[in-house]
Every structure is written in structure tokens, then in C-alpha cells.
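Written out below as C-alpha cells is the structure these notes cover.
Quick note: the coordinates plus some simple rules give every number you see, no bench work behind them. No experiment lies behind these values; they were computed from the predicted model shown. Neighbour counts are summed over all protein chains in view; Cβ atoms, including those assigned to glycine, are modelled from backbone coordinates with ideal geometry.
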């Protein structure tokens, strides 16, 4: 007889399964059947890119309670985009149902930034649509135990669904693993619609399971009751920063391998033990997030957009899944607001200094730092670049004028039928847009130079 597992631990295993990103599983297959079909696959059991996640899930599935869960309602088969990435697991008697969302996928980081500044985002709305479609298709009722769960952005989606769905009464528990919080606009909207009592009733179903040094769950405003949050030991090898937010490391142990001659990571099928408090990196990330959320919404939006786009670009994507792009204004907000906040929180806040000490593993390394730290920027070079951009804008403007003159020189009787005339006008408009972008870039560099010059003289 397999050991009885908690719904929380089962949820964590299913959240890990979602990162296999395997969409070919037939509805009605058990988790064990899916894993067996992937045993020799080079990406999974064969030791490839998803081997860590596969190892965790396959070891966990030795427990029949997990291995016999049945997959259904895969979002990829229901017409949803790649960002939704959800599926549903049920026990054989359908007494328990787990609606599970994958964490941030390709192109989704910008959507995370929108969720920190708006009532809702495109991907949150899509997650809600999926959930309600599943409830209706499966005819879920209040005699069944319904759990909603997800990791990272998936955890945020699970929370959003619990707070937003018209079927919230059917949800017994939401387990958000490393899931971030929300904007004050979203929270205010819920309080206004539900009243204080209704708002509290919904959020009382939320539970947070976070890695001890996770840096994503602290983003935004958390709505999970403090007494419902627990921290899990997450051991990672040195310099594996991403590992602090990687769910499989909640199932990991570091051990010395004689053959390898060093420390290696071994993945298990049972989650690690709880720890008493948040780790050093987690506490610093909390402080930094609070600083960002205190910014005016329009400035916070720009900072969040740049940070999320940086994270997205690190994965090879150039824009968000819904077409989101960073603007010059966003870059300006991050330059003037985001960078000073990061520097201040790192060097002047207790949590930031503790993090740096921990990161460098040198307790005395930072004690000699002066009370104020100067940021050195070549303001004159920025000013020269601003002048060069302005000059380029002038040249482009002259080119636009020449193109317009050529278009006007076309005989009147040819203008109505000539594609050349219309193409010239279109080209002129496009070049005018480029001219405006160059002017804005010039102004931005000029403003940056002025700000840094002011800091040098007065700070």
C-alpha cells in the first residue's frame, strides 16, 4: 500500500510534470502510462533537456496515488495558445480533480509585467476561460474535491482563477508554488466587487508553497494569507541562480559523487522538508519588489516591462507572446527609477547587504564599503550621442522632404493610377516615424546625461 500523500505534494509533482511540455499524451492515459512512453525518449528518460523533471515525476509516480492519475482536457487540444499550457488530472473514481497550469513559457514574461500593473492580463484571462470550460465539460460538482495549482506564472494563474471564477464555490484549495502576486488595481477591483467579506472568503482558499530563496513569488502584492505560506528547502549548486526558482530543486539533494570527484545534484520523488523562514535571496527580492511596487503605476509599468523583457530575451525571445514590446519610455523609467532602486536596495538595505555577503560568501568583503556609492557615467559621451542622434534626425527629415517633393512632381493625371505615387507617400510617412524615434532617443540620452551630471554635482 503506497503512502498517503497530501494534496499539496501531489500538486507540486503535477506542476513539475507540466514542464515536460509534452502535448502528445492521449486523454484518458494514466501518468504512469505517459512516463513509460517517454522512458527511452532522448529529451526525457534518455537524459535530455527534461531529464530532471522526468526523474522527479517518474520517482513520485511509484506511489500509486500519483501514478494512477488520469490526464484530460489538455489546453493544446482545446484551441488555446502555447501560453495557457494547462491540463487536468483526476483520480480513477473522479473524486479528486487537479487543474494544473504550467509556469512561464516562451514569450510570457512581458505578460507577467502587465499583471503587476493592471486588473488582469491576456494570459490570466485565458487561464480563467480554460478553467471554466473544464468545469462545464466535466460537469464538476461540489461532491468532488477540486484543487487548482501551478508553478511560477502558473501559480499566479491558479490564484487568479480562484479569485475570479464564477465557479469559485467549487474550488476547495489553490496551491500556488512560487507564484507571484498582483497589482493593487486587481486587488481593489476584487474588494469592490465582492466586498471585504467575499474577498477574504476567496483568498482563504489560497496556499503558497515557495522555495526558500525564490525570487518570483515576492513580485507584486501577495494576497495569500501569511499563515498559509510555507518555504521549502531548495539546494542548488554554486552559481546556479535559476535553480532557486526551478521547481525540480524542491525535490533535489546535493551529494558527493566519488566517480565525478565533486558535488552533484540528485533528484527524488518526494519534496524536501519545510524550512522555518525565507532565505537570504528571498528576503532581498521581497525588499526590492516592495520598492518597485511603491513607484507610481506609470513608472512601475515601465520598470516591470524592461525587467520582464530582459528575462524573456535571455530565453531567446524578442517580444511577448501577445506582441508586447519595450518602448523608449519604458527604458527611461527603468533607467531613472529601476536602476537607482536596485542599487539602493543592494547597498543600503540590510537585506541587500546580507544577500551580497551571502552571494560572495565573504562575510567581511562588504564591511569596508562607504556609506554612499557613486555610479560613474560618461555624461559627456551621452551628450555627444544625443547631438549625433539629433543630427541624424535632421538628415532623415531632409530625406523625407525630398521624397515628398518627388511625389508631388508626378503629373496630376498619373497620381490616381500610379502605384509609384502612393508608394512614395507611404515611404515618406514611414521615414517620418523613424525621424520621431531618433528625436525621442536623442532627448532620452540628453535627459540621462543631465540626470547623471546632476547626481555628480549634488549627491
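Here are the numbers for this structure:
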| item | result |
| --- | --- |
| Shape of the stretch 154-197, Cα gyration tensor, a/c cut at 1.5 | oblate |
| Estimated FRET transfer efficiency (residue 256, residue 401; beta-carbon r; R0 60 Å; 0.05) | 0.25 |
| Pairwise label distance in nanometres, residue 192 with residue 139, each label 7 Å out on the Cα-Cβ vector | 3.9 |
| Neighbour-count ranking [beta-carbon atoms within 10 angstrom, fewest first] of 96, 381 | 381, 96 |
| Estimated translational D of the stretch 7-282 in µm²/s (Stokes, Kirkwood radius over Cα pairs; 10 °C; 1.306 mPa s) | 84 |
| Label-point gap, in nm, between residue 378 and residue 3 - each point 7 angstrom along Cα→Cβ | 6.0 |
| The stretch 7-282: relative contact order in percent, alpha carbon pairs under 8 Å with at least 6 residues between | 16 |
| Extension gain from residue 264 to residue 239, taking 0.36 nm per residue of separation minus the Cα-Cα distance | 7.7 nm |
| Footprinting exposure proxy for 283, 230 (fewest neighbouring C-beta atoms within 10 Å first) | 230, 283 |
| With eigenvalues of the C-alpha gyration tensor scaled by 5 and rooted, the stretch 1-56, Å | 20, 13, 11 |
| Ranking of 87, 174 by count of other Cβ atoms within 10 Å, fewest first | 87, 174 |
| Förster radius 35 Å - calculated FRET efficiency between residue 453 and residue 294 (Cβ-Cβ, nearest 0.05) | 0.85 |
| Additional length obtainable on full extension of the chain from residue 91 to residue 426, 0.36 nm per residue less Cα span | 114.5 nm |
| Cα radius of gyration and Dmax for the stretch 1-114 (Å) | 14.1, 47 |
| Solution diffusion estimate, µm²/s, Stokes-Einstein, the stretch 125-217, Kirkwood Rh from C-alpha pairs, 10 °C, viscosity 1.306 mPa s | 117 |
| Relative packing of 177-184, 439-446, which averages over residues the other C-beta atoms within 10 Å, highest first | 177-184, 439-446 |
